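Shown next, in structure tokens, is the structure this report addresses.
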Amino acid sequence: MDKILVSGGNRLEGTIPISGAKNAALPLMIASLLTEGTLVLQNVPHLADIESLKRILTNHGVDYRVEGKRRGQGGNGGKTIHFSTPEIVDTTAPYDLVSRMRASFWVIGPLLARMGEARVSLPGGCAIGTRPVDLFLESLSAMGAGLEVEGGYVIASAGSGLTGNRYKFPKVSVGATHVAMMAATLAKGETVLQNAAREPEVIDLARCLKAMGAKIEGEDSGTIYIQGVDELHGATHRVLPDRIETGTYAIATAMTGGNVLLEGAQDNLLETALDAIRQTGTRVENENGGIRISRGNEPIMPVDITTEPFPGFPTDLQAQFMALMTKAKGRSCISETIFENRFMHVQELARLGADIHLDGQSAIVEGVDHLTGAPVMATDLRASVSLVIAGLAAEGQTEISRVYHLDRGFENLEEKFSRCGASVSRVSE
Ligand code: UD1
């Protein structure tokens, strides 16, 4: 199994191109199931999760074609992929595929809307909490779906099609909003989704569905209005830049000090996180279609954060921000309100010398003068990159095992860091 070796102490200086967003690309790929036409997605990142979902989609009858490199396109450009599903040949998403990635459960929406049936295994994914699917089921049931859970599978049916309805999510869920919105595009009549997620990835999916002929309004307001149509058609859509990757490299630069241009990053996708980074004493400026992050020798100031649904501080940046706070000049409090078990990085950060105490849903971080490299283990996707960030500022070498978590969500991580002067490399055992 591969390991990542990080030798700390170097400042980050240079340019990091920001990839297309994994969490937008996944639902967009799934949306291709809604039409017989061809959905062309541009700027798709090259990641393990994208490859897994391609395999899952082919099982349902999706053909895909990856466009070759074009003149003038550097090695870091995302891929353009054509997805077409002339016919859905299988409405079952089996356990061995769905258990690898939670987002693959989301095929339930399009399969049900287009075929009137779906049999989808209950999901797996990152071990960051219990992550139930009750909201997915409730919202589909509100649209008239019959639902049973049997042998680890959700069996959904809507013989005469789904019917639009009003549904209020009791809790904000990104995945359930994606699924309900996709399903409602082909339902009869109007669906109103209240307390819906407003994450940029939800808005990106709505934009793509509209390009495919869906009638959607209010996707950025928390109340989404969808008028069902008889069918959707093909379209071309560009995946938005990855706000979590943006925040991760911004936090890494704040951690090491230095000066990095995050090329293609958009500040409106992560204003709360950029504000928190600013409050640590780091400069954050818009520049030439990107964001420049810089910090000199000033101390890192402690900042309290609480994760919340968008536009709040994203849970997917919590572990990275905690890594930064381990070297702050003073005490900070990091509260997690989205997932109940998302502090598994705490014990690994402690191995590097971090001083962190857990108190229920909060972590109290006392900044230390220095961290020391050590062997650590990646526990989930975002936690694993927090260990890289801590390693960049630690004395000596940090060796991170189980890096398959990183490959699920960070494109060319070692290369992006190395090009800015960091010592990050991969070894195979
Ligand atoms: C998505 C992102 C993930 C991010 C999360 C929150 C993808 C592939 N994943 O995950 O990276 O961390 O949003 O921004 O885009 N919940 C229920 N019942 C449900 C569904 C969710 O109780 O039926 C709860 C979850 O346990 C959690 C909260 O709602 O406590 C938010 O989860 P949700 O927004 O659904 O996260 P995901 O869509 O799985």
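Would you please classify the overall shape of the range 320-379 from the alpha carbon gyration tensor, given that a ≥ b ≥ c denote the square roots of the eigenvalues, rounded means a/c under 1.5, and beyond that prolate means a/b larger than b/c while oblate covers the rest?
Here the range 320-379 falls in the oblate category.
Please give every one of the lysines within straight-line cross-link reach of Lys54, meaning a C-alpha to C-alpha distance under 23 Å, and leave out same-chain neighbours fewer than 8 residues apart.
Lys22, Lys69, Lys79, Lys210
Students often forget the sequence filter, so: which lysines lie under 29 Å Cα-Cα from Lys329 once same-chain residues fewer than 8 apart are removed?
Straight-line reach from Lys329, under 29 Å: Lys416.
Per q in 0.12, 0.13 1/Å, what log10 I(q)/I(0) does a Debye calculation on the alpha-carbon atoms of the range 22-238 return?
After summing over all Cα pairs, the log10 values are -0.56, -0.66.
What are the lysines whose alpha-carbon lies under 16 Å from the alpha-carbon of Lys215, with same-chain residues fewer than 8 places away excluded?
The reachable lysines, counting only those whose Cα sits under 16 Å from Lys215, are Lys188.
Could you work out [θ]222 nm for the chain from helices alone, using -39500 (n - 2.57) per DSSP H run of at least four and dividing by all its residues? Round to the nearest 500 deg cm²/dmol.
Numbers: 14 runs with 130 residues, N = 429.
So the calculated ellipticity at 222 nm is -8500 deg cm²/dmol.
Among Leu57, Leu392, which comes first, second and so on when ranked by fewest other beta-carbon atoms within 10 Å?
If I rank by nearby Cβ atoms, fewest first, I get Leu57, Leu392.
Quick check on the range 1-108: what are the equivalent-ellipsoid semi-axes from the Cα gyration tensor, as sqrt(5λ), descending, whole Å?
Numbers: eigenvalues 182, 74, 22 Å².
In descending order, the three semi-axes are 30, 19, 11 Å.
First check a/c for the range 222-309, with a ≥ b ≥ c the square roots of the eigenvalues of its C-alpha gyration tensor; if it is under 1.5, answer rounded, and if not, answer prolate when a/b is larger than b/c or oblate otherwise.
Prolate is the answer for the range 222-309, as a/c is 1.5 or above and a/b outweighs b/c.
So in the range 22-238, what percent of DSSP beta bridges are antiparallel if you round to the nearest 5?
Values: 26 of 36 bridges.
Percent antiparallel among DSSP bridges in the range 22-238 is about 70.
Counting only trypsin sites (Lys or Arg not before Pro) that are in a DSSP loop and have at most 12 other C-beta atoms within 10 Å, tell me the longest site-free stretch of the chain.
Maximal segment without exposed cleavage sites: 172-429.
Mind putting together the pair-distance distribution for the chain? All Cα pairs, 10 Å bins, whole percent per bin, short to long.
Bins of 10 Å from zero give 5, 22, 31, 24, 14, 4, 0 percent of pairs.
Explain nothing, just the number: relative contact order of the chain, from Cα pairs under 8 Å at least 6 residues apart, as a whole percent. Please list the in-between numbers first.
Working: 1086 pairs, mean separation 89.9, N = 429.
Rounded, it is 21 percent for the chain.
Classify the range 127-245 as rounded, prolate or oblate from the Cα gyration tensor: take a ≥ b ≥ c as the square roots of its eigenvalues, call it rounded if a/c is under 1.5, otherwise prolate when a/b beats b/c and oblate if not.
Verdict is oblate for the range 127-245.
Bear in mind these aren't lab numbers, they're just calculated from the coordinates by the rules spelled out. Everything numeric here is computed off the predicted structure, so don't read it as measured data. Ideal geometry is used to build each Cβ from the backbone, glycine not excepted, and the neighbour counts take in all protein chains shown.
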